[in-house]
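Comments concern the structure below.
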Amino acid sequence: MSELLSQLWTPELQAAFTVVVILLVILYVLSIVWVVRDAYLRGSYWYVWAIVALIPLLGIIAYCLLRPPLLQIDRDEQELEIALKQRELMKYGECANCGYPVEADFVLCPNCHQRLKNLCGTCNHALDPSWTVCPYCATPVGGAAPARRNAPRARTQQPQQAAPQQRQARTRSPQGEHPAQ
Ligand SMILES: [Zn+2]
Ligand SMILES: [Zn+2]
């Protein structure tokens, strides 16, 4: 038996066996390095996975099965993409009447001609129906409600009753300007 073994265990076989063992050790070490690096990039507990990876073969199989699905960079990129899409959606809205996609500064729906925005009488900018003042030229907007379709075109703008405090301030200011000297 031992004679047969020593006959089979030739120096060539011994060398081949050594090479295989070295290759396996290199593969083992590389697998640990890969697991640690991959777990780190995925924002996972890489030191926990390093311990798991120490188990030959089973460690790396377990990691491949249980590793977090997304790389940290990919996750950041995805979040950025979602944020960009949300901004795009804010820029483009929908017609409340027919659902047609409209841009933020559209005044009429191109599809159903529903009035979407009021126009500022002074600077002609499109104004949101909920605004009470034009943000471009500071002109107060007469009616906060959106213009109805049957409303008369030439809307007589009623002078709004000035608040008593404002009126007081207005009447007081010219008299209050006493010369300093
Ligand atoms: Zn519409
Ligand atoms: Zn304006």
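The values are calculated or read from the model by the stated rules, or taken from the named source; none is laboratory data. All values reported here derive from a predicted model rather than from experimental measurement. For neighbour counting, all protein chains shown are included, and Cβ atoms are generated from backbone atoms with ideal geometry for every residue, glycine included.
When the residues of region 53-105 are filtered to those that are within 30 Å of residue 118 (Cβ to Cβ), of a type in the set (A, V, I, L, M) and assigned to a loop (DSSP other than H, G, I, E, B), the one that is farthest from ligand 2 (Cβ to nearest atom) is 96.
The C-beta contact set for region 43-64 (first residue surrounded by 15 or more Cβ atoms within 10 Å (Cβ to Cβ), second residue assigned to a loop (DSSP other than H, G, I, E, B) and of a type outside the set (A, V, I, L, M), distance under 8 angstrom, 6+ apart or interchain) comprises 44/67; 44/68; 49/67.
Table: residues versus (1) in contact with a helix residue (DSSP H, G or I) (Cβ under 8 Å, 6 or more places away or on another chain); (2) away from ligand 1 (no atom under 16 Å from the Cβ).
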residue: 80; (1), (2): no, yes
residue: 86; (1), (2): no, yes
residue: 92; (1), (2): no, no
residue: 96; (1), (2): no, no
residue: 103; (1), (2): yes, no
residue: 122; (1), (2): no, yes
residue: 126; (1), (2): no, no
residue: 134; (1), (2): no, yes
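Condition check for residue 86 on (1) at pLDDT 80 or above; (2) polar (S, T, N, Q); (3) within 23 Å of residue 128 (Cβ to Cβ); (4) exposed (fewer than 11 other Cβ atoms within 10 Å of the Cβ): one failure, at (1). Within region 121-130, the only residue that satisfies the criterion of being near ligand 2 (Cβ under 10 Å from one of its atoms), in a loop (DSSP other than H, G, I, E, B) and within 31 Å of the chain's Cα centre (by Cα) is 125. Take residue 43 and tell me if it is on the phi > 0 side of the Ramachandran plot and either assigned to a helix (DSSP H, G or I) or not aromatic (Phe, Trp, Tyr) (or both). Spelling it out, residue 43 is indeed on the phi > 0 side of the Ramachandran plot and either assigned to a helix (DSSP H, G or I) or not aromatic (Phe, Trp, Tyr) (or both).
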